[in-house]
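Student: One structure coming up, written as structure tokens, with questions to follow.
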Amino acid sequence: QVQLIESGGGLVQAGGSLRLSCAASERTFAMGWFRQAPGKEREFVAGLTWSGGSTWYADSVKGRFTISRDNAKNTVYLQMNSLKSEATAVYFCAAERPGGTYYPFREKEYDYWGQGTQVTVSS
């Protein structure tokens, strides 16, 4: 069982930045960040593969958010810049085991989930 621990959430003003971290207990095939705003479904934000480092982003965050990894620490980061109030949500990291094709946007692709960290952007 892979354990994922998110950190870095908090309160920030619109236009500000935050960096989320997700520490994994072991290396998996791919990692993703999702978010769930109040009253809305969970949605994909960004994803990457550990080996090649390929990345994917939701259109709503392209150019402002960056997903990256630290292989030595088994940690994935989500750097969020130019934050908008609509970014307010609980952010979850997720991990996918090896095997098959990686579809980063599909929530059901992921096998393990963290508990989530709250991000609140004040306008």
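Student: If the only charges are +1 at each Lys and Arg Cβ and -1 at each Asp and Glu Cβ, what is the size of the charge dipole of the chain around the Cα centre, to the nearest 20 debye?
Tutor: The dipole of the chain has a size of about 200 debye.
Student: Suppose the chain between I5 and R106 were pulled fully straight at 0.36 nm per residue; how much longer would it get relative to their current alpha carbon spacing?
Tutor: Numbers: separation 101, 0.36 × 101 = 36.36 nm, distance 2.07 nm.
Gain on stretching I5 to R106: 34.3 nm.
Student: Roughly what percent of Cα-Cα pairs across the stretch 7-75 reach past 17 Å? Show your work: numbers first, answer last.
Tutor: Values: 1155 of 2346 pairs.
Across the stretch 7-75, Cα pairs with separations above 17 Å total 49 percent.
Student: For the chain, modelled as a GNM with alpha-carbon contacts under 10 angstrom, which of T75, T101, T66 fluctuates the most?
Tutor: In the Gaussian network model the winner is T101.
Student: Using the heavy atoms of the protein chains and a 1.4 angstrom probe, tell me the accessible area per residue for the chain in square angstrom. Present the calculation step by step, with values, prior to reporting the outcome.
Tutor: Values: 6350 Å² over 123 residues.
Accessible area per residue, the chain: 52 Å².
Student: Going by average Cβ density within 10 Å per residue, which order do the peptides 49-60, 30-41 take, highest to lowest?
Tutor: Working: 49-60: 13.8, 30-41: 17.5.
Taking the mean over residues of other Cβ atoms within 10 Å, the ranking is 30-41, 49-60.
Student: Protein chains only, probe 1.4 Å: how do K84, K73, K108 rank by accessible area, largest first?
Tutor: K108, K73, K84
Student: Once all Cα-Cα distances of the chain are split into 5 Å bins that start at 0, what whole-number percent is in each one?
Tutor: Cα pair-distance distribution for the chain, in percent: 2, 12, 24, 26, 19, 10, 4, 1, 0.
Student: Please report the antiparallel percentage of the DSSP beta bridges confined to the chain, to the nearest 5. Can you show the working numbers first?
Tutor: Details: 37 of 41 bridges.
So the antiparallel bridges in the chain amount to around 90 percent.
Student: Hey, any idea what % of the chain's accessible area is carbon plus sulfur with a 1.4 Å probe? It would help to have the intermediate numbers written out before the result.
Tutor: Details: 2810 of 6350 Å².
With neighbouring chains kept in place, the figure for the chain is 44 percent.
The values are calculated or read from the model by the stated rules, or taken from the named source; none is laboratory data. Note that the structure is predicted; figures quoted are calculated from it, not measured. Every residue, glycine among them, receives a Cβ derived from its backbone with ideal geometry; neighbour counts consider all protein chains shown. Surface areas here come from the heavy atoms of the whole protein model, side chains and all, with no ligands, DNA or RNA. Shrake-Rupley method; radii C 1.70, N 1.55, O 1.52, S 1.80 Å.
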